[in-house]
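The block underneath contains the structure these notes are about, expressed in structure tokens.
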Amino acid sequence: MTSKLTSQLKASVALVALVAQLAALAGPAAAFCGFYVAKADSKLFNKSSKVVLSREGKTTALTMASDYAGEPKEFAVVIPVPTFIERKQISVVETRTINHLDAFTAPRLVEYHDPDPCPPPVLDNGSPLVALTLAGRGNAIPRGDLSARHAGVTVEASYDVGEYDVVILSANESDGLVNWLNDNGYKTPAGAEAVLGSYIKQKMQFFVAKVNLDHMPLLRNGYLRPLQVRYETAKFMLPLRLGTVNAEGAQDLIVYTLTRNGRVETANYRTVKLPSNVNVPLYVKDEFGRFYQAIFERAVARENMRAVFVEYAWDIGWCDPCAADPMTNKELVELGAHWISSDDAAPYRGIGGANAYVTRMHLRYDANSFPEDLVLMETGDRTSFQGRYVLHYPWQGAPLKCAAGASYLASLPARFRHEAENLAGLTGWSQAEIETRMEAGGQSFQPSRSSDSKIGP
């Protein structure tokens, strides 16, 4: 496998170890008209995995992607699943579909422009967003012939799925399962046995996938694609603990859920909405990624890395403002929302909605902070929420020649100071340094004495 392919894998957001460790900038705007100007997507975070869970009744579709970097022959994933999995329940998903959902639900920066404080008089016309990585050695996954070392392990089925070889295992004891994995070319990390044993006690089976190198040349650009598995289960949950066994430090996981019945949250951990709808200084526009990383880091520290953070919760049929083009019906069905028609004629449905609700949750976790798998529940709450941060531009048009204009100019220093306080509170950055940056950008904390003053960049 070439180094070029390795770098492509590193750059792509592909399946590779679930939960792995497991628009153009807007121009001048009309008064109070908001425009999306930037987004904080999953690429901001290292060692991050993305999981899409589509859920209707007891039917779950689990689609997995991560930032795995390495040789394809070293990829393997083990996922606990509640039931036996048939070939028809497994498929690959295009990477761009998950990337689209990530962009659509990402926290966003928007900008608003103040209206003219001295507008000319007008007549009123009445217008009114779990897996264990095992380092494989490229050996073929065996189709049977269990030895005494593999006591209690049964190869229930084996499948070819795109660029993957998939095996479904059942096991009665963790010793046999660990031996099977090790003897078949996988290096299980220390601590895996106890975690695997807990899933065996729950009567779960194991979905094992590795790359079929013979099929890699068939792929365009050599990218591994996300892998999806569908099953029936009364439990709405995401296996998480295996992903902590061989992880190097804490990891980021972004979970997108598609459901019929409103926002999803965790039942066994705190679910917290990130601060939102906050005015921030204008210079944040040039470093929104750094800004959002600081917000998330501070929130994680405040909750001692023991909370799940909501970044987006909205009916999938509309958005305001939209951080990306709306998802099409075909994409939603590809991600497992099979209750939606696959007709692509009208992907944007307006305020009437799409009979599907997307929740985007973000967590940073390790074995100590998240000792249990995520237990999820639909709340029935269809209230809209988005991580949204606001640039509020002062009036920069004609000179202000009215009494209201003088009052407006006098009010700006207090507004700017409030924006500085907001930014310091969100990020932990020094307020003095923030104010210095604002002054350099034209946001003065001294009252303007001139009606001709230009404010901001």
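Read the figures in this text as sums done on the coordinates, not as results from a lab. In this text the structure is predicted, and so the values were computed from the model without any measurement.
Rg over Rh for segment 259-321 works out to 1.02, using Cα positions for both radii and the Kirkwood form for Rh. For segment 154-277, the Cα gyration tensor yields ellipsoid semi-axes of 28, 22, 16 Å (square root of five times each eigenvalue, largest first, whole Å). Take the cross-link list 43/330; 88/203; 58/235; 50/88; 201/235; 43/187 and give me the ones stretching past 19 Å between alpha-carbons. In this structure, 43/330; 88/203; 50/88; 43/187 lie more than 19 Å apart at Cα.
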